[in-house]
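As structure tokens, the structure follows; a few thoughts come after it.
The values are calculated or read from the model by the stated rules, or taken from the named source; none is laboratory data. Since we're looking at a predicted model, the values are computed, not measured. Cβ coordinates were reconstructed from backbone atoms using ideal geometry, including for glycine residues, and neighbour counts include every protein chain displayed. Calculation scope for accessible area: heavy atoms of the full protein, side chains included, ligands and nucleic acids excluded. Shrake-Rupley method; radii C 1.70, N 1.55, O 1.52, S 1.80 Å.
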Amino acid sequence: GEIFNAFVYRDIKWFTHLHRGFEICLNLSGKIKAAAGDKEYILNSGDFLLLTPYQLHSYESEGPSLAYVVVFSGGFADSFNSVVTGKEAANALLTPSEETRSFFVKNMLNGFDPALSGKTDREAIAVNKPPLFTVKACLYAVFAEYSESTEFIDKPLCNKLIFDILDYIEKNYASDISLYKMADALGYDYRYISRIFGKTFGINFKTLVNQYRCDYAKSLIRSTDDTLSDIAMNSGFQSLRSFNRVFLSLTGYAPSELRKQNADSRRL
């Protein structure tokens, strides 16, 4: 269908994940460490990162940063979509011409002013969708420079398994799951799936599951008045103590800090 989600993130930090649509990340300021497939990149201010459908990727801000991220379906760029179906950029990083960058920022950010985005960290601010032909013009301007600067290669054959792994975790992270249980549920040998998992994600299974749990907990803290104990249980943690410890280690701040931050922003 028609997918278009655009946000500006302050101090972006997203664990390994994928989308069914394309994604473009434009670093507006600061420095961002990103991974796309098995490659790592450093995005400086003004750089783009292009992800094709079902491509694994992650982001981690190296200090203060501001990033514009848009996820969209291939229908917004039919010709480009038909050329790169089943492929990914050999080099997903693009340092565009000043003309293309300025055109993209002016039109896609639709008058967004970073100064109005607040002073809290790790903030996501929705950006309005521009008119359809404006979106197409901006995307094709970026795609044209990518086409001139890199080639598009076939995706790895193991992508189906990686998608199944992430799909399983997304559906079961609130339960008591393990790599053994997942291997059995997906019908793979434990040693094989363990090797593929380690090579792909570079972290252990428990850490990735906890990242999903913390992300869900953050959404509950921001959108509900549930107690932190209830949020911990609903997110798959066995105790409030383990929730506090894991959340702090993965996000850099305690759940209570996020709750206070959210309450302060509501008052404003």
Conditions: (1) at pLDDT 90 or above; (2) open to solvent by 20 Å² or more (accessible area, probe 1.4 Å); (3) not in a helix (DSSP H, G or I). Residue 192 meets all but one. Number of the miss? (3)
Anything in the stretch 8-31 that is over 11 Å from the mean Cα position of the chain (by Cα) and under 17 Å from residue 109 (Cβ atoms)? List them, or say none. 8, 10, 26, 27, 28, 29, 30
Qualifying position, being of a type in the set (D, E, K, R), in a loop (DSSP other than H, G, I, E, B) and exposed (fewer than 15 other Cβ atoms within 10 Å of the Cβ), among 167, 184, 176: 176
Count, please, the residues in the stretch 57-94 that happen to be among the hydrophobic types (A, V, I, L, M, F, W, C) and in contact with a His (Cβ under 9 Å, 6 or more places away or on another chain). 2
Can you name every residue in the stretch 102-130 that is open to solvent by less than 70 Å² (accessible area, probe 1.4 Å) and at pLDDT 90 or above? 102, 104, 105, 107, 108, 109, 130
Would you be able to say whether some residue in the stretch 73-87 is open to solvent by less than 30 Å² (accessible area, probe 1.4 Å), part of a loop (DSSP other than H, G, I, E, B) and at pLDDT below 95? yes
Would you pick out the residues in the stretch 195-212 that are at negative phi and open to solvent by 30 Å² or more (accessible area, probe 1.4 Å)? 195, 198, 199, 200, 203, 204, 206, 207, 211
Return the residues of the stretch 159-208 that are polar (S, T, N, Q), touching a helix residue (DSSP H, G or I) at 6+ places or on another chain (Cβ under 9 Å) and within 25 Å of residue 87 (Cβ to Cβ); say none if nothing qualifies. 200
Of the residues that make up the stretch 57-67, is at least one of a type in the set (Gly, Ala, Ser) and in contact with a helix residue (DSSP H, G or I) (Cβ under 7 Å, 6 or more places away or on another chain)? no
